[in-house]
Amino acid sequence: MDKRFLEDVINGLISSPKTLSSKYFYDEAGDKFFQEIMMLDEYYLTDCEYEIFTTHRAVFLEHFVSACDLFHLMEFGAGDALKTKVLLKYFLDQGVAFEYNPIDISASAIDQLAEDLHQSLPELSVHPMNHEYFKALEEMSRKSTCKKVILFLGSNIGNFSEKEADVFFSRLAELLQPGDQLLTGFDLKKDPALILAAYNDSKGVTRDFNLNLLRRINRELYADFNVGEFYHYPIYDPIDGAAKSYLISRKKQEVRIGANHTIINFEKDEPIFMEISQKYSLKDIENFAARAGFRITGNYFDKSKYFVNSLWELL
Ligand code: AVJ
């Protein structure tokens, strides 16, 4: 049993309000649900970023190439690299020298991706890193002085609170060299109904994605959640730009967790806070870059301006 996972789950569920961390969504079943989410009509984010990459790949390449022998394209939370492949293919076709360093804490995700890229892009030089993001970056900085381009795509940044995002960007600024770059995908504030629908899809995949964490806790932490006694409740607040999801207890109930059978009590209608998917404005993005010491090289949008990939350079 993963001690850290158990501790986090128990601490989250004895807190008030109760909470579970969305970073635990991604076990094997969770990865599959998220891949299904990316295919949903309502989940516009993936299509937008795909469109941006296809449209602007040449501009990205112009900015990425450096005087060094090669540049490192380091992707934080690479997953299946669905959209990154648009860039990888194009960069290879252009014959530029670069190395792709996908970074993911999920060993199974990273192994699968390396295998997949080996098949689909055999000429690509891939050095996967199964580490925490900053550990991997520290290791790479020791090994190579060449330019680093960090990719943090798909609105993964949205899973951080604004404060956590500030800490994340500042930490990156400490570890990078002037001239290194960062390409981040931000989902923008827009029609609230559109945003809510992306997290409340008609097929119920997002619901199952959330409930899967309870199933994972049952499987891995010997818990006895009756998953049918919880339902998915997503909200979007158009003022602060926060899409949040909750699981609500349908009744007063008890759940046992772990070998010690720690008992967690739920009131009827009590929520567990599961995830934040924060939406931003361009002004917010400018402020993030300025506070962390980056210059914005360019903002690249899809045609509806739902999403932006913001390219920054460390000053
Ligand atoms: C992977 C964090 C970008 O917040 O939009 C999708 C995860 N959650 N549907 C997001 C997610 C519910 C997704 N990110």
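Look at the dipole of the chain built from charges on Cβ: of 192, 287, 263, the Cα furthest out on the positive end belongs to 263. Placing unit charges on the Cβ atoms of the charged side chains and taking the dipole of the chain about its Cα centre, the candidate lying farthest along the positive direction among 177, 274, 29 is 274. Where both bridge residues fall in the chain, DSSP classifies roughly 65% of the beta bridges as antiparallel.
Pairs with C-alpha atoms separated by more than 20 Å, drawn from the list 3/163; 163/283; 23/163, are 3/163.
A DSSP coil position with no more than 12 other Cβ atoms inside 10 Å describes none of the chymotrypsin sites (Phe, Trp or Tyr not before Pro) in segment 76-125.
This model, with +1 at the C-beta of Lys and Arg and -1 at the C-beta of Asp and Glu, gives the chain a dipole about its Cα centre of some 500 debye. Dividing the mean sequence gap of close Cα pairs (under 8 Å, 6+ apart) by how many residues segment 156-295 holds gives a relative contact order of 29 percent. Measure off, as a whole percent, the carbon and sulfur share of the 1.4 Å-probe accessible area of the chain, all protein chains present. Reported share for carbon and sulfur atoms: 50 percent.
A 1.4 Å probe run over the chain, with the rest of the protein chains in place, finds 47 Å² accessible per residue. Once backbone amide H atoms are built at 1.01 Å from N, residue 279 has 242, 243 as its partners under 5 Å, excluding neighbours fewer than 5 places away on the same chain. What number, rounded to the nearest 500 deg cm²/dmol, is the helix-based mean residue ellipticity at 222 nm of the chain, given -39500 (n - 2.57) per DSSP H run of at least four residues and division by all its residues? Rounded to the nearest 500, it is -13000 deg cm²/dmol.
Take residue 250: with every protein chain present and a 1.4 Å probe, its accessible area is about 110 Å².
Ignoring lysines fewer than eight residues from residue 251 along the same chain, the ones with Cα atoms less than 22 angstrom from its Cα are 18, 268.
Averaging the sequence gap over all C-alpha pairs within less than 8 Å and six or more residues apart, then dividing by the number of residues, gives segment 100-146 a relative contact order of 47 percent. Taking a Cβ cut-off of under 14 Å around residue 42, the surrounding Lys, Arg, Asp and Glu residues balance to a net charge of -3, with basic ones at +1 and acidic ones at -1.
The residues neighbouring residue 244, those whose beta-carbon lies less than 13 Å from its own, together hold a net charge of -2 under the Lys/Arg +1, Asp/Glu -1 convention.
Considering only alpha-carbon pairs that sit under 8 angstrom and 6 or more positions apart, the relative contact order computed for the chain is 21 percent.
The values are calculated or read from the model by the stated rules, or taken from the named source; none is laboratory data. Nothing here was measured: the structure is a model prediction, and the numbers come from that model. Quick reminder, even Gly has a Cβ in these numbers, built from the backbone with ideal geometry, and neighbours come from all protein chains shown. Ligands, DNA and RNA are excluded from the accessible area calculation, which covers all protein heavy atoms including side chains. Shrake-Rupley method; radii C 1.70, N 1.55, O 1.52, S 1.80 Å.
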